[in-house]
1. Only one residue in SER340, SER323, SER314 is surrounded by fewer than 15 Cβ atoms within 10 Å (Cβ to Cβ), touching an Asp or Glu at 6+ places or on another chain (Cβ under 6 Å) and at negative phi, so which one is that?
2. Among the residues in the range 155-162, are any touching a residue at least 12 places away in the same chain (Cβ under 8 Å), on the phi < 0 side of the Ramachandran plot and touching a Gly at 6+ places or on another chain (Cβ under 7 Å)?
3. Could we say that TYR80 is closer than 25 Å to SER61 by Cβ, of a type outside the set (D, E, K, R), assigned by TED's automatic domain parsing to the domain that holds LEU146 and modelled with pLDDT under 90 here?
4. Consider GLU292 against the criteria (1) under 24 Å from LEU224 (Cβ atoms); (2) under 15 Å from the mean Cα position of the chain (by Cα): it satisfies all of them except one. Which criterion is unmet?
5. Would you pick out the residues in the range 350-368 that are buried (at least 20 other Cβ atoms within 10 Å of the Cβ) and either of a type in the set (D, E, K, R) or within 10 Å of LEU298 (Cα to Cα) (or both)?
6. Within the range 154-198, which residues are basic (Lys, Arg) and more than 22 Å from VAL258 (Cα to Cα)?
7. Could you identify the single residue in TYR308, TYR353 that is of a type in the set (Phe, Trp, Tyr) and within 15 Å of CYS206 (Cβ to Cβ)?
8. When only residues in the range 66-91 that are in contact (Cβ under 8 Å) with a residue 12 or more places away in the chain and over 29 Å from the mean Cα position of the chain (by Cα) count, which is surrounded by the most Cβ atoms within 10 Å (Cβ to Cβ)?
Amino acid sequence: MQRKLKLAFCLFKYFPFGGLQVNFMNISKECIKRGYHIDVYTISWDGEKPEWLNITIIPVSGFSNHKRYQSFAERFNKRYNKKQYDAVVGFNKMPGLDVYYAADVLYAAKMKYRSFFHHITNRYNTLIKLEHSVFRQDAKTQILLLTPKEKQLYKDYYRTASDRFHIMPPGISTDCIPPANHEKIRMDKRNELDIAQDNIIILMVCINFKIKGVDRAIRALSSLPKNLLSKSILLVAGIDNPGSYKRLAKRENVLGHVKFIGARKDVPALLMASDLLLHPARIENTGTVIVEALAANLPVITTDICGYSFHVISAKAGKVIKSPFVQKELNKILLFLLTSNKQNQWRRNAKKYIEKTDVFSRAQRAVDVIEEVCS
């Protein structure tokens, strides 16, 4: 019988709906399911606190985020004896981790082409040190990596050993797979949103509207021919201030065709109610909603900057826009996907791809690695 593990989980911030936070919760649930004890350490917790998690808020100093992150790392490592845990698992970069869940993009690569002045700031130096503590060549931290393309970047920048990386499945919910009554779900959700059954719904699901390219989507929408635009709706689900995007939509004469519906817990139903997922992100380590859309048999348009864009190519269920991004290319591709006679084929392709690809078991695989570290 396997011994009961005692684990420390560290993350800077918890709030509902964030991708990192959702995966933190799923991995926590899998640990509890296997009978393990988890102590969670964080700077802040926004939302319900599950009774089965022992949550400790660590007070930190500093006004800027990077100073607060540094303070958290220092205070955790000073106050809590690592020997009392079988493993310390981090969901943000910090020293002292046995396992790191790599949800963020490589900061060193992100900053490579920034000016000299960016490289001498306290923010840059602090965040680089936190990243270096995890990936440096002589570190022992095992890394739960979300996309294969990130692996070579880390090796190039930090010479991290290959055997420290563990590629995770996307880990989406099986709720995204259309059930037998998916047509009723589609109709009911459209009625709830006050969207006609014959309208074309172009869906976006995102938290940071700028990073995920909501402005790009609005401009692409405005480029559609009038007869197609008249029955098209850009449906934006997610947390952000929509003010500037509503003003952009008004300038582009499409305000009546853009609907902001805020954070949602019904993403699977939204996917089933839609005709296309649009995800023209500027920065995206993964893009879980891309795989969720494929599971819902929904064609996808995304950018090659997204870590999960390769799933769209492999599935042959949409289009991936190559870098550098050109707005006219997105406009052209959107028009093509909305008017093509291949829409049903793309849906069938997505269904076949999901049936043969493991896109669900991220939490289980992550806990398997944690167990290996503890053995």
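1. So the residue among SER340, SER323, SER314 that is surrounded by fewer than 15 Cβ atoms within 10 Å (Cβ to Cβ), touching an Asp or Glu at 6+ places or on another chain (Cβ under 6 Å) and at negative phi is SER323.
2. No: the range 155-162 contains no residue that is touching a residue at least 12 places away in the same chain (Cβ under 8 Å), on the phi < 0 side of the Ramachandran plot and touching a Gly at 6+ places or on another chain (Cβ under 7 Å).
3. Considered against the rule, which asks whether it is closer than 25 Å to SER61 by Cβ, of a type outside the set (D, E, K, R), assigned by TED's automatic domain parsing to the domain that holds LEU146 and modelled with pLDDT under 90, TYR80 comes out as yes.
4. Condition not satisfied by GLU292: (1).
5. Selection gives ALA350, ARG362.
6. Correct list: LYS155, ARG159, ARG164, LYS184.
7. TYR308
8. Across the range 66-91, the extreme among qualifying residues is TYR80.
The values are calculated or read from the model by the stated rules, or taken from the named source; none is laboratory data. For clarity, every value in this text was computed on a predicted model and none was experimentally measured. Using ideal geometry, Cβ is built from the backbone for each residue, glycine included, and neighbour counts are taken over all protein chains shown.
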